[in-house]
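Just so it is clear, none of the values below were taken in a lab; they were calculated from the coordinates. Here the structure is a predicted model, which means the values were calculated and not measured. Please note: Cβ atoms are built from the backbone with ideal geometry, for glycine as well, and neighbour counts cover all protein chains shown.
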């Protein structure tokens, strides 16, 4: 009986001989064959081959994401083609209309799919393979002519009235990963229901026998500058500086920017140029697209390591400006976007007026609450936004609730992931109330202030951050000054994310055991603080262990989609939330504390981090 290894070895060998007119495909097939043969020759060959074939690379809530390589449990041209065939079948079954979040949408006689890709290894060839499969299935394709950010893909879906969208990216994962995000006809990542249906269409297919990749009458439409400019026009329409005098403040801003070798290089620089931010220094080593991320093995703007080179550039420029007596040229901030340019991280200048300025990294929560406060100032208090609402996630800072409450703004909480924020914008759109949307953010550096897309947008985020910095600079304040004012007004809300990686089949088992442990054997207290409330989003139940200081036992329903998430509330404004990542082999724990002082909040976060790390490591 042929094993999966035998079947793949045979097919790859045949393809190398067949595709001698396509050098790129031939080389990819050679690489896959060489990898398989090398695995088979290793001492632990059985284990290595098992990891590549024990399952299919999972089509989860956002699409595919996995390690590059040969096998059914790897990202390669064959797993991409199979997933795309499943999506084509889903479209032709008109399930995309049944699952559409948009009211009144009808099936299109000749459906189309918008596509984009980032700088990762094989992203462009994966996009071409997916496009070939769609066209062979009589589906038109709108494909950007060069790498573009994820939000530009969301924009294209809406702009061209597409049935769906596909973005080839693994976001901020290490270089060995690639992935495949799937979008519905609203430009939002597909819902949980749609993802389950698509998965069923995919799993029915034989990876080599059931894929159509030639023929068909689908048309390829290449998207060039016109579409890119239309997207950037939509971003710029969200500007918060309205008068010519306000706009001039941006010319006095000094910015260092790193695209982390990803898709943000051109669009972010263009939006800054349009705004009038003339003092922009690029981190040269991380400027051009490079899926190997040679200076940044983990291209995630949440991590200090990813910003190390950018911080070095800031410090050198600051030192040079001080030496020349031109303190106004000291960089005000560092911007960093991830490979698919949907997240933006920042570092801000402190002690600007001293001879020893330093740079402080802000968390996604800190940037989120500062932008929320700033947008309230610029759009709500000026009367430009009526009946505003703000959308954030259950793991983002609870400081957003305090700010929204003070200003009488409606706050909507969603599950983790910007797709759920996009979904809420869609609900507003269905009621013709999208103009009420003010801002959405999540703790993982995702921001959006407009309804032109349904995903987080680092181009939009970079614009807003620069405008905010320029606005306060004109008033003699740094962003550090404004953040301190907010903490003094609302209390010191501190958040921390700790994550634990468990790769491979054994890792999946460990993560399942950990979630069961938190779900079934939760201690009564942590750090001497009693558990007062537990929300289990899998059961969709919220249990009040104690209420108003007394034993309770009351259970109330959670009106959010089912998800493998556990939220634990402790006495004294302390809480943590545990969930397995939907895109990485990780358990993530989000910690939240509020203190009278920054030191108090930081201390409690450190102690809770130690306690929870001990629990995880015992498994």
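With a/c under 1.5 counting as rounded, go ahead and sort the stretch 404-462 into rounded, prolate or oblate using the C-alpha gyration tensor (a ≥ b ≥ c being the square roots of the eigenvalues; past the cut-off, prolate if a/b is larger than b/c, else oblate).
Values: a/c = 1.42, a/b = 1.14, b/c = 1.24.
It is rounded, given that a/c, with a ≥ b ≥ c, falls under 1.5.
Using a 10 Å cut-off on Cβ atoms, rank the peptides 281-294, 168-181 from the highest mean neighbour count down.
Values: 281-294: 17.2, 168-181: 24.1.
Result, highest mean Cβ count within 10 Å first: 168-181, 281-294.
Please compute the contact order of the chain in relative form: average sequence separation of alpha-carbon pairs under 8 Å and at least six residues apart, divided by the residue count, as a percent. Working shown, then result.
Working: 1235 pairs, mean separation 68.5, N = 619.
Relative contact order, the chain: 11 percent.
Given a Förster distance of 30 angstrom, what is the FRET efficiency for residue 430 paired with residue 233, based on the Cβ-Cβ distance and rounded to 0.05? Walk me through the numbers on the way to the answer.
Numbers: r = 25 Å, r/R0 = 0.83.
That gives a FRET efficiency of 0.75.
Å³ per residue of the Cα convex hull, for the stretch 492-617? It would help to have the intermediate numbers written out before the result.
Numbers: hull volume 14.3 nm³, N = 126.
Spread over its residues, the Cα hull of the stretch 492-617 gives 114 Å³ apiece.
Just need the relative contact order of the stretch 492-617 here, percent rounded to a whole number, with Cα pairs under 8 Å and 6+ apart.
On the way: 225 pairs, mean separation 39.7, N = 126.
Computed value for the stretch 492-617: 32 percent relative contact order.
How high is the FRET efficiency from residue 353 to residue 2, r the C-beta distance, R0 60 Å, rounded to 0.05? Don't jump to the answer; show the numbers that get you there.
Details: r = 73 Å, r/R0 = 1.21.
FRET efficiency, residue 353 to residue 2: 0.25.
Over all alpha-carbon pairs of the stretch 113-262, lay out the pair-distance distribution in 5 Å bins, whole %, shortest bin first.
Going out from 0 Å in 5 Å bins, the stretch 113-262 shows 2, 8, 14, 18, 19, 14, 9, 6, 4, 2, 2, 1, 0 percent.
Just to confirm the number: angle between the C-alpha axis of helix 598-617 and the first principal axis of the chain, 0 to 90 degrees, nearest 10?
Once rounded, one gets 30 degrees.
Nearest 10 degrees, 0 to 90: what angle lies between the long axis of helix 4-18 and the longest principal axis of the chain (Cα atoms)?
80 degrees
Rg and Dmax of the stretch 37-98, using alpha carbons, in Å: what are they?
14.8, 51
May I have the extent of the alpha carbons of the stretch 227-324 along their three principal axes, as whole Å values ordered from largest to smallest?
42, 41, 20
Can you tell me the FRET efficiency between residue 508 and residue 221 if r is taken as the Cβ-Cβ distance and R0 is 45 Å, rounded to the nearest 0.05? Intermediate values should be presented prior to the final figure.
On the way: r = 40 Å, r/R0 = 0.89.
Taking R0 as 45 Å, the efficiency between residue 508 and residue 221 is 0.65.
For a quick protection proxy, order the peptides 562-568, 42-48 by their average other-Cβ count within 10 Å, most packed first. Don't skip to the answer; put the middle values down first.
Numbers: 562-568: 18.9, 42-48: 11.7.
For the peptides 562-568, 42-48, the packing ranking is 562-568, 42-48.
What does the convex hull of the alpha-carbon atoms of the stretch 447-551 project to on average, in nm²? Walk me through the numbers on the way to the answer.
Working: hull surface 48.1 nm².
In nm², the orientation-averaged hull projection of the stretch 447-551 is 12.0.
How would the stretch 548-619 be classified by its alpha-carbon gyration tensor: rounded, prolate or oblate, with rounded meaning a/c under 1.5 and the a/b versus b/c comparison settling the rest? Write out the running numbers ahead of the final one.
Working: a/c = 1.84, a/b = 1.06, b/c = 1.73.
It comes out oblate by the Cα gyration axes.
I'd like to compare 593-604, 55-66: which one has the highest average count of other Cβ atoms within 10 Å, and what's the full order after that? Let's see the in-between values first.
Details: 593-604: 16.2, 55-66: 20.7.
Top to bottom by mean Cβ count within 10 Å: 55-66, 593-604.
If eta is 1.002 mPa s and T is 20 °C, what Stokes-Einstein diffusion coefficient results for the stretch 167-210, Kirkwood Rh from Cα pairs, in µm²/s?
Rounded to a whole number, D works out at 174 µm²/s.
So what is the relative contact order for the stretch 323-460, in percent, with contacts set as C-alpha pairs under 8 Å and at least six apart?
Values: 224 pairs, mean separation 35.4, N = 138.
The value is 26 percent.
Nearest 10 degrees, 0 to 90: what angle lies between the long axis of helix 123-136 and the longest principal axis of the chain (Cα atoms)?
For 123-136 against the chain, the angle is about 60 degrees.
Calculated from DSSP H runs of 4 or more alone, at -39500 (n - 2.57) each and per residue, what is the 222 nm mean residue ellipticity of the chain, nearest 500? Walk me through the intermediate numbers first.
Details: 19 runs with 242 residues, N = 619.
Taking each H run of at least 4 residues, the total per residue is -12500 deg cm²/dmol.
Mean shadow of the stretch 426-493, computed from the convex hull of its alpha carbons, in nm²?
Values: hull surface 23.7 nm².
Seen from a random direction, the Cα hull of the stretch 426-493 projects 5.9 nm² on average.
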